[in-house]
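The values are calculated or read from the model by the stated rules, or taken from the named source; none is laboratory data. None of these values were measured; they are calculated from a predicted model. Here the Cβ is made from the backbone with ideal geometry for all residues, glycine too, and neighbour counts use every protein chain on show. Just the protein is used for accessible areas: all its heavy atoms, side chains included, with ligands, DNA and RNA removed. Shrake-Rupley method; radii C 1.70, N 1.55, O 1.52, S 1.80 Å.
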Amino acid sequence: MSLKQIAIGVELLALVLAGGCRAPAAPTVAVTAVVTSATNADAEGDNTVSSATATPAILPSAVPSATAQPSPVPSPTPAPTAPPSPTPLSLRAHEWLAGPVLLRYDIGCSDFCGGETFSHYPRLILYSDGRLITTHYQGRTVIEETRLTREQMCSVLNSFDATGLFDYDPSAFYQANDAFPRLTLPAQASITVWDEASIPVGSIADFRPGGELGGQVAFEMPLLMGYHLVEELSKWRGEAPYAPLELAVSVFTVAPDDDPFSCCFADEGGEWPVTAVRLADLIAQGTPRENDSRRVFTTVSGPAVEQLLAAFGDDPFSETRPVAFEEDGRRYVVAIRALLPYESLASLGYPSHSSIIPGPDVAATQTALSCSPEDGVVDFYADVVIAAERDAALYPALHRPTRAPVETLPPGPKDTFEP
């Protein structure tokens, strides 16, 4: 038999094999194992033993699972390979006296806050009693609440500990923000537990190559991981709508020849619909703003809360929607803000300011808390690591801004409304 005949025979045999029956591939099911470390801390140091444990899914991963798609062209099945060994997490046991707030994440308006009256809502705030409150903006402002167990709270706090954020010095990033204060959103996540840490960035888009601050500052892994972790946490949806017990209220008396929209960006609300309290009573009990006596601030509770929320329609928590009402022939512009736990009227400042929690006039006690390595980390921690590693490749390792700082006015004193 000639070589040409042998080659033809081999080709025919390959075609027969390729066209034969092939069983469809079974769908792939992704199983995530979270690696934790049991640590016995003593005076000599930490003794860490890594172990792979399945952690209950507390918070949803923001990265959806990929759906297996059949290949239109059959291809040989690759030989199975051993999965890479997971890196053990250096989790440590902690006991401490906690204040009311463990974690909060804020993004406020950076410049002109048209229509806003009060301090913005935190995007996320975790209290030491397990209450977790998140704020979302999807056509309207939605505030939701749920309550975490101690183990669930600790899985969140352990996740920040595993990033190395508590040992990270963000001074280079703070220096860049000082040099270019108007090029980034005034955002910050702060964690106050057995130690303190902060993430001074609300969006890293400006720092990517080609952005306003591209190449101006270093992004070490602890900061990148902390940023992605708090971003994923802020996307979490609560179990129920937040039901405030108290509202902060601003009432502005409109001049007879003035227009509520021109002066205050206010929608028209018609006659004052609240029966639990009159506008005249709110003005009488309110505290005038120091530089404008036409605006007063006060709070309401009880039946007036539900009625006021209803008066503001389907978006009562909007930070940019004051409403003009009329009572006894006079026109007033009213703005409301739900008070979160441990907030008071004295907590609130101008829209560009974060609120003070706990408020300066709110009694706060400390709570004994403890977390252990057995509490694990959040179920999407592996996704946080992947996102941080992806971004780490985009940033040059500079530690000082390369452009000359711009001159800025020093910040003025923070305004609060003293009741």
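Spot the failing condition for ARG337; the list is (1) of a type outside the set (Gly, Ala, Ser); (2) in a strand (DSSP E or B); (3) in contact with a helix residue (DSSP H, G or I) (Cβ under 9 Å, 6 or more places away or on another chain), and only one is missed.
The single condition ARG337 does not satisfy is (3).
Quick check on the stretch 208-216. Is at least one of its residues surrounded by fewer than 18 Cβ atoms within 10 Å (Cβ to Cβ) and at pLDDT 90 or above?
The answer is no, given that none of the residues of the stretch 208-216 is surrounded by fewer than 18 Cβ atoms within 10 Å (Cβ to Cβ) and at pLDDT 90 or above.
Kindly provide the set of residues from the stretch 145-178 that are within 10 Å of VAL377 (Cβ to Cβ) and not β-branched (Val, Ile, Thr), ordered by number. Before you say what the answer is, go through the steps one by one.
Step one: list which residues in the stretch 145-178 are within 10 Å of VAL377 (Cβ to Cβ), which gives 154-163.
The answer is CYS154, SER155, LEU157, ASN158, SER159, PHE160, ASP161, ALA162.
Mind checking whether some residue in the stretch 190-199 is in a helix (DSSP H, G or I), crowded, with 16+ Cβ neighbours inside 10 Å and modelled with pLDDT of 70 or more? Outline the logic, then answer.
Going through the stretch 190-199, the residues in a helix (DSSP H, G or I) turn out to be none.
No, the stretch 190-199 contains no residue that is in a helix (DSSP H, G or I), crowded, with 16+ Cβ neighbours inside 10 Å and modelled with pLDDT of 70 or more.
Counting only residues that are over 34 Å from the mean Cα position of the chain (by Cα) and surrounded by 18 or more Cβ atoms within 10 Å (Cβ to Cβ), how many does the stretch 251-273 have? Outline the logic, then answer.
Within the stretch 251-273, the first condition is being over 34 Å from the mean Cα position of the chain (by Cα), and the residues that meet it are 253-259, 270-273.
In the following step, the residues that additionally are surrounded by 18 or more Cβ atoms within 10 Å (Cβ to Cβ) were identified as 254, 272.
Residues that pass the stated criteria total 2.
Tell me which residues, restricted to the stretch 117-172, are under 28 Å from LEU247 (Cα atoms), among the hydroxyl-bearing types (Ser, Thr, Tyr) and open to solvent by less than 20 Å² (accessible area, probe 1.4 Å).
THR117, SER119, TYR121, TYR127, SER128, THR134, THR135, THR141, THR146
Got a sec? Which of PHE160, PHE219 is touching a strand residue (DSSP E or B) at 6+ places or on another chain (Cβ under 7 Å) and at pLDDT 75 or above? Steps first, answer last, please.
Details: PHE219 fails: touching a strand residue (DSSP E or B) at 6+ places or on another chain (Cβ under 7 Å).
Just one listed residue meets the conditions, PHE160.
State whether the residues of the stretch 201-215 include one that is of a type in the set (Lys, Arg), more than 30 Å from SER370 (Cα to Cα) and in contact (Cβ under 8 Å) with a residue 24 or more places away in the chain. Even if it seems obvious, please write down each step before you answer.
Of the stretch 201-215, the ones of a type in the set (Lys, Arg) are 208.
After this cut, where a residue has to be more than 30 Å from SER370 (Cα to Cα) as well, the list is 208.
So of that shortlist, the ones also in contact (Cβ under 8 Å) with a residue 24 or more places away in the chain come out as 208.
Within the stretch 201-215 (the criterion being of a type in the set (Lys, Arg), more than 30 Å from SER370 (Cα to Cα) and in contact (Cβ under 8 Å) with a residue 24 or more places away in the chain), the answer is yes, since at least one residue qualifies.
Quick check on my filter: what residues within the stretch 357-381 are over 17 Å from the mean Cα position of the chain (by Cα), over 17 Å from GLN152 (Cα atoms) and not hydroxyl-bearing (Ser, Thr, Tyr)?
Result: PRO358, GLY359, PRO360, ASP361, VAL362, ALA363, ALA364, GLN366.
Considering every residue within the stretch 370-392, establish whether at least one is modelled with pLDDT of 95 or more and in a strand (DSSP E or B).
Yes, the stretch 370-392 contains a residue that is modelled with pLDDT of 95 or more and in a strand (DSSP E or B).
Please note which strands (runs of 3 or more DSSP E) are completely contained in the stretch 284-327 and include at least 1 residues that are small (Gly, Ala, Ser) and either open to solvent by 50 Å² or more (accessible area, probe 1.4 Å) or touching a Pro at 6+ places or on another chain (Cβ under 6 Å) (or both).
Values: elements: 287-289, 292-301, 323-327.
It comes to 292-301, 323-327.
Confirm whether GLY269 is over 30 Å from LEU126 (Cα atoms) and free of Cβ contacts under 8 Å to residues at least 40 places away in the same chain. Can you show your working first?
Numbers: over 30 Å from LEU126 (Cα atoms): yes; free of Cβ contacts under 8 Å to residues at least 40 places away in the same chain: no.
Here the answer is no, as GLY269 does not meet what is asked.
Being at positive phi and in contact with a strand residue (DSSP E or B) (Cβ under 6 Å, 6 or more places away or on another chain): is that true of GLY130 here? Don't jump to the end; show me each part of the working.
Details: at positive phi: yes; in contact with a strand residue (DSSP E or B) (Cβ under 6 Å, 6 or more places away or on another chain): yes.
So GLY130 fits the description; yes.
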